[in-house]
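Here's the structure, in structure tokens; my notes come after.
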Amino acid sequence: MRLLADAVEQLPDECSDVSANALLNVAVEAVVEDVGCAQAGRIFSRLAEFLHRGRQPSVANALSLTDFDA
């Protein structure tokens with residue numbers, strides 16, 4: 001995560017939106033390949049709820065979305 005964050009931070013400002021979108025697309029495709037569409041939907045729904053509560057995943061540490069299951 002830190003390596004990716006450092007790489008994005010070094011890009012020119014006009015590239016930040018495009019690079020963030022590209023990284024998100026790569027992550028989504030990888031998750032869908034690993035767990036399938038239905039489970040990926042549940043994972044990203046949990047992430048959306050986490051972000052909706054005003055919390056943001058740390059760049060330094062991986063986020064375990066299952067920690068937020070009720």
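The orientation-averaged projected area of the convex hull spanned by the Cα atoms of region 2-59 comes to 4.5 nm². Were the residues from Asp34 through Ala5 laid out at 0.36 nm apart, the gain over their Cα-Cα distance would be 8.2 nm. A Förster radius of 35 Å combined with the Cβ-Cβ distance from Gln56 to Glu14 puts the calculated FRET efficiency at roughly 0.90.
Rule-based calculations on the coordinates, nothing more; no lab input. Remember, it's a predicted structure, so these values are computed and weren't measured experimentally. Don't worry about glycine lacking a Cβ; one is built from the backbone with ideal geometry, like all the others, and counts go over all protein chains shown.
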